[in-house]
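Following: one structure in structure tokens, then a few remarks.
Read-outs: derived from the displayed coordinates by stated rules, not from any lab. Everything quoted here is computed from the prediction, not taken from an experiment. Positions of Cβ are generated from backbone atoms using ideal geometry, with glycine treated the same way; all protein chains shown enter the neighbour counts.
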């Protein structure tokens, strides 16, 4: 089942006293449920812009973008925000944990925007997922008391706590040493597989990219398939 | 509905977390609001005490609302002999409990250094409540005092000083000089008014007229006995008409009867403290405005530091409306907390014995409870200030671009 469908997507930005700058051009991409996609590219190639489009944080300038067969462009701002909160989990390079909040509070944050059981039982759900990523004993720890690997595990737990169908990882190991990075990627792969979510990873690191089954390269705003490993 | 409930609770939780985590910053920014709320609440609270002091002062001199005054004299200037009976009949007919004859006269009293004429007011027992008379020592006249062989007198503090401030438990006496001298027992002492310099005293009207005929002294501007009634305000006008009719009818056309209302509130139109309240309100509003400006200023500065956090929240599904509401709620939650602190401080200030004594200047017997409207006003002001002060940062927060914010 196609989770995300991009067809002829472009993204340009208007500059003052200069012609529009094209960041993405004619991007075609399908992400299936349970897919493992990696996108590599040099700095400035448009990777983060693409990630923002995939994560419903930004709108394409032109082209079609469907999320579960729904045209994203036709959704209201609020509906897009709610869809993002429900279906997309972000893992950032710099972890982006909320300072001053404990690991548990950080993981509970996405659940504050949920409804029903997820909202009212957020403490229990967040505790369970922190235990799942091996941080059951660090629930009350503040981010500055956690190691880089632990912080990223908190970020992973936070990205997965609402059970998203799409996980977007932006250089997830960029701030970690090699060994910790491998451990973190193992964890991401494991929890994504368990939950059946698609995982799109944007990275510079060929070894991280190699974990995916479909590999893309982004070069000057153009997305090209480099290889596909049969599942 | 489910979404509304979770959104509301979620926004309050977010706001509370923010206040808790940045408590030092929040506390600093809220000092101004707390002080302003404390000021506005204190001023309103003190205003109520001051108003009560003025009311009681007015009631001491002119009686409580509504006090009716009845005077009757024959056209030849004499006092109608039927008045005691007419008075009793009127009180019984209209079931008036608080009523008193008032006889102003002068009674010569023997002091150690000589005999001195003392201003004396003959009254009935209800007069003490009707005029809020408070005593420094002893008690006001009771019904049993009517049966004393040696009449009871309540003296002012100047009189008491001249007696040498004897302990009332020793039943001190004083000699009233007249056609025949009478020994009176001092049963109470009331404070002299600030302008009083001479001894004065109260006696029961019956005792006073029993020991000496009432002297009408034109030099002292004392008049014939008058009659005073404390009645409900809403029926006061009807009673004025009825009493005028009844007494005039009983005395006939040879008498002049006057019944009118003379308490302080009968001379005032509208709220006599309106101008004072408006002035105080304007000053307090200005203080609150300054507090709010400080709050907006700090909120805007700190918002710059929170752009990244807002971006992160947006990435996890926070809608623009939710961010707006949460940022505004932070301000409201914080100012409500500051408002509660300010109101508590105001209550402690207004109800402290030192402040109460200072404001009342000894003129208040019934201290009003801390006015609920002052506390409500303080909290409402805090909430409104919080909402207004949160509006600008909330609008700024909504305009944050998520992508830029995450990279901020």
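Some observations on this one:
- Against the rule of thumb 2.2 N^0.38 Å, how large the Cα Rg of the range A:159-231 comes out: 1.13
- Shielding score for A:112-119, defined as the mean number of other chain Cβ atoms within 10 Å: 6
- Neighbouring Cβ atoms from other chains, within 10 Å of the Cβ of residues in B:3-14, number 4 on average.
- When the alpha carbon gyration tensor of the range B:289-354 is reduced to an equivalent ellipsoid, the three semi-axes, largest first, read 34, 13, 8 Å.
- Computed from the Cβ-Cβ distance with R0 of 41 Å, the FRET efficiency linking residue B:233 to residue B:115 stands at 0.40.
- 0 to 90° range, to nearest 10: angle between helix B:372-398 axis and chain B longest Cα axis: 20
- Considering only the protein assembly as shown, percent of DSSP beta bridges that pair antiparallel, nearest 5: 65
- Partner chain coverage, peptide A:47-54 - average Cβ within 10 angstrom: 1
- A quarter of the convex hull surface defined by the alpha-carbon atoms of the range B:254-324 gives 9.3 nm² as the mean projection.
- Point-to-point label distance, residue B:293-residue B:258, nm (Cα→Cβ direction, 7 Å offset): 5.7
- The range B:117-180: C-alpha gyration tensor shape, a/c 1.5 cut-off, then a/b vs b/c: rounded
- Fraction of alpha-carbon pairs over 38 Å apart in the protein assembly as shown - percent: 57
- Our summary of shape: the Cα atoms of the range A:45-166 have principal axis extents of 47, 38, 22 Å, ordered from largest down, in whole angstrom.
- For the range B:85-156, the equivalent ellipsoid derived from the Cα gyration tensor has semi-axes of 27, 15, 12 Å, listed largest first.
- The slack between residue B:3 and residue B:241, meaning 0.36 nm per residue of separation minus the straight C-alpha distance, is 79.0 nm.
- With both labels modelled 7 Å from their Cα along Cα-to-Cβ, the residue B:305 to residue A:131 distance reads 3.7 nm.
- For chain B, the longest principal axis of the Cα atoms and the long axis of helix B:274-305 meet at an angle of about 20 degrees.
- Estimated Rh, chain B: Kirkwood, alpha-carbon pairs, angstrom: 26.4
- Averaging Cα coordinates gives a centre for the range B:81-155 and one for the range A:45-114; these two points are 87 Å apart.
- Overall shape of chain A was characterised from the C-alpha gyration tensor. The equivalent ellipsoid obtained from it has semi-axes of 29, 20, 17 Å, in decreasing order.
- Ranked by how many other beta carbons lie within 10 Å on average, peptides B:40-49, A:215-224 from highest: B:40-49, A:215-224
- Acute angle (nearest 10 degrees) that the helix A:77-87 long axis makes with the longest principal axis of chain A, alpha-carbon atoms: 60
- Cα gyration tensor category, rounded, prolate or oblate, for the range A:123-201 with a/c compared to 1.5: oblate
- Remark: relative contact order (chain A) = 29 percent; criterion is Cα-Cα distance under 8 angstrom and separation of 6 or more residues.
- The mean sequence distance of close C-alpha pairs (under 8 Å, at least 6 residues apart), as a share of the length of the range A:71-130, puts its relative contact order at 28 percent.
- Taking every DSSP helix (H) stretch of at least 4 residues in the protein assembly as shown, weighting each as -39,500 (n - 2.57) and dividing the sum by the residue count yields a mean residue ellipticity at 222 nm of -15000 deg cm²/dmol.
- Two-decimal log10 I(q)/I(0) for the range B:1-77, as the Debye equation yields it once each C-alpha is a single scatterer, q = 0.27 Å⁻¹: -1.10
- From most to least packed by mean Cβ count within 10 Å, the peptides A:66-79, B:111-124, B:337-350, B:306-319 give B:306-319, B:337-350, B:111-124, A:66-79.
- Potential lengthening between residue B:82 and residue B:136 on full extension [0.36 nm per residue; Cα-Cα distance subtracted]: 15.7 nm
- Taking the inverse of the mean reciprocal distance over all distinct Cα pairs, the Kirkwood hydrodynamic radius of the range B:63-267 comes to 18.0 Å.
- From the largest down, the range A:1-73 spans 44, 27, 19 angstrom on the principal axes of its Cα atoms.
- Antiparallel beta bridges, as assigned by DSSP with both residues in chain A, represent about 55 percent of the total such bridges.
- Residue separation of residue B:179 and residue B:348 scaled by 0.36 nm, minus their Cα-Cα distance, works out to 55.0 nm of gained length.
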